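Okay, so here's the structure we're looking at.
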Amino acid sequence: MKLRLRHRRRQDYPEGGSGGLSLSAFGDVEVLGKLGEGVTCAVYDARWKGRDVVLKLYKAGAIERHHRLMGEELVEFEWKRNRAFYDAPGLRPYVAEPLAYVMGPGVAAFIQEKLEGRLYYFDYVDRGSPDEELFEHVKTIVRLAHEAQLYDVDLHAGNMMVVTGDDGRPRPMLFDFNFIPFYIHPPNPLVAILLKLGVIDLRSRDLRKLKNFHDFRRFERKVERFANVDR
C-alpha cells in the first residue's frame, strides 16, 4: 500500500496519537497509546481489523538515512525483511507477523502482530541468570535463519520478546527488522573487499552475537528507550 502525505522534518509523536499522520490507508486503526520510542520509530499499541497490533511510525531522519544508504524506502525494507523471516521454514513461531505498511515522501507506517510478553532483557534481569531452555530457542532461531540464507539477524535482547507458547513454555520472538545487514551495506571498503573474496563468513556476526548474547553492557546504555515496555 502506498500513500502520498505531507510530513514535518521532525515528527513529534505524542502519547496517544499519530503525530498528525493520516492512517486512512490502513482502514480503521484505533491508536490506544504509546509503547515506546527508539532511534528509527515511535511504537504504538493499536487495534486494527478486530485484532491487537503494534503500529510503528518512522522518523523522517531514519527514512532519509535509509534511502540515502539503500536507495529504497525504510518501511518497505523492513516489511520484506520481516516477511522473509516469517516465511522461512520453521521460523514462524519465532517471528512477529508483518500485517501491512504504508509509505509516501518522508512518511512510513507499519502494522505488525502484537506480542504479549516482555523483553528478553527484562526476563533475564528478573531471573538473575540465563534460562537455558529459552536460550536454546535463540540458538534455533540463528540456525533456522542461516538455513534459509538469512544472516545478520540483529540479534540482541532488546529485539526479542519472551512470550508463552501454546505448550505453556516461554519462547523468544523477534519483532524488529529494520537493521541493514553488514553484507548488504558493508561498514567500510575493507569489509566489502573481504566479502567479495569470500574471506568473511556471512554467519560470523550472528555467531559472535550468539556467543556474547548475555553480555548486556552495550544494551544497558540504551535500555531507557524501552522504559514504557511492560515488564
| Given the structure, is residue 84 in contact (Cβ under 8 Å) with a residue 60 or more places away in the chain, assigned to a helix (DSSP H, G or I) and not assigned by TED's automatic domain parsing to the domain that holds residue 41? | no
| message | Condition first: more than 21 Å from residue 219 (Cα to Cα), in contact (Cβ under 8 Å) with a residue 40 or more places away in the chain, touching a Ser or Thr at 6+ places or on another chain (Cβ under 7 Å) and of a type outside the set (A, V, I, L, M). Can you find one or more residues in the stretch 104-116 that meet it? | response | no
| said: Can you report the number of residues in the stretch 66-99 which are among the small types (Gly, Ala, Ser) and touching a helix residue (DSSP H, G or I) at 6+ places or on another chain (Cβ under 6 Å)? | reply: 1
| said: I'd like to know if the stretch 140-153 contains one or more residues that are at pLDDT below 90 and in contact with a Phe, Trp or Tyr (Cβ under 6 Å, 6 or more places away or on another chain). | reply: no
| said: For a quick check of your reading of the model, give me the residue pairs whose first member lies in the stretch 203-231 and is farther than 21 Å from residue 145 by Cβ, whose second is modelled with pLDDT of 55 or more and of a type in the set (A, V, I, L, M), with beta-carbon atoms closer than 7 Å and at least 6 apart or on different chains. | reply: 216/157; 226/119; 228/35; 229/35; 229/119
| request: Considering every residue within the stretch 54-73, establish whether at least one is under 15 Å from residue 29 (Cβ atoms), of a type outside the set (A, V, I, L, M, F, W, C) and buried (at least 18 other Cβ atoms within 10 Å of the Cβ). | output: yes
| field | Pairs where the first residue, in the stretch 22-41, is of a type in the set (Ser, Thr, Tyr) and the second is part of a loop (DSSP other than H, G, I, E, B) and modelled with pLDDT under 75, C-beta under 7 Å, 6+ apart | value | 22/5
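The values are calculated or read from the model by the stated rules, or taken from the named source; none is laboratory data. All figures in this text were calculated on a predicted structure; none of them were measured in a lab. Cβ: placed from backbone, ideal geometry, glycine included. Neighbour counts: every protein chain shown.
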